[in-house]
Structures are given as structure tokens and as C-alpha cells.
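Peer 1: Next up is a structure, given as C-alpha cells.
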Amino acid sequence: MKYTIANARENFSELVNMVNYRNDRIEIAKRNKTVAYIVSKNDFELLQKIEDFLDAKDADNILATSKGTISHGELFGDLGI
């Protein structure tokens, strides 16, 4: 479902209930351009787990191709953190 920022502001508690109880995903738009989403806690936690997995995979690849040891700063730099 897509809402403008003004509509989302006016109906915020209803949108939170839709996300919480029906697992809806709410798209927020400004000038017809999507700027944000409201998602459930479960969806957010799943996204975090996916991101953590991908970060770990990237870190493993960097470490596998490095010669010897690598500092935290180099690792974070290579990961873009």
C-alpha cells in the first residue's frame, strides 16, 4: 500500500496496526517518489539477519584473498563501513 507523507502522518497509528497485525508493508512517497517503508518488526529483523549474513560473507571473501593478516580498519574500509 502506498501513502503520501501527509496521509501517513494523519493515519500513523492505523498504519502501525496494519503492519503489526496484518503484516502489511507500507510505502511512503513524497512527490510520487518512494522515500521510506513501514515494515513489521519481524520483517526488519529478517532484513538485519540477511545484511549480517552478506557482511560476513564479504568479510570471509576479503580475508580469503588477503595475504597474512588484515587490520580492522582495512577490513571495515573494504566492506565500506
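Rule-based calculations on the coordinates, nothing more; no lab input. The shown structure was predicted, so the numbers you read here are calculated from the model rather than taken from an experiment. Neighbour counts are summed over all protein chains in view; Cβ atoms, including those assigned to glycine, are modelled from backbone coordinates with ideal geometry.
Peer 1: Hey, could you check the stretch 34-64 for residues that are farther than 17 Å from residue 21 by Cα and small (Gly, Ala, Ser) and say which is farthest from the chain's Cα centre (by Cα)?
Peer 2: 64
Peer 1: May I pose another question? May I ask you to list the residues in the stretch 22-81 that are in a strand (DSSP E or B) and in contact with a helix residue (DSSP H, G or I) (Cβ under 8 Å, 6 or more places away or on another chain)?
Peer 2: Hits for the stretch 22-81 are 26, 28, 29, 30, 35, 38.
Peer 1: Could you tell me which residue of the stretch 17-75 is farthest from residue 7 (Cα to Cα), considering only residues that are surrounded by 12 or more Cβ atoms within 10 Å (Cβ to Cβ) and of a type in the set (Val, Ile, Thr)?
Peer 2: Checking each candidate, the answer is 70.
Peer 1: Answer yes or no as to whether residue 7 is surrounded by 13 or more Cβ atoms within 10 Å (Cβ to Cβ), outside any strand (DSSP E or B) and of a type outside the set (Phe, Trp, Tyr).
Peer 2: Numbers: surrounded by 13 or more Cβ atoms within 10 Å (Cβ to Cβ): yes; outside any strand (DSSP E or B): yes; of a type outside the set (Phe, Trp, Tyr): yes.
Here the answer is yes, as residue 7 does meet what is asked.
Peer 1: Can you go through 65, 34, 69 and tell me which one is under 24 Å from residue 9 (Cβ atoms) and hydroxyl-bearing (Ser, Thr, Tyr)?
Peer 2: Going through 65, 34, 69 in turn, the sole match is 34.
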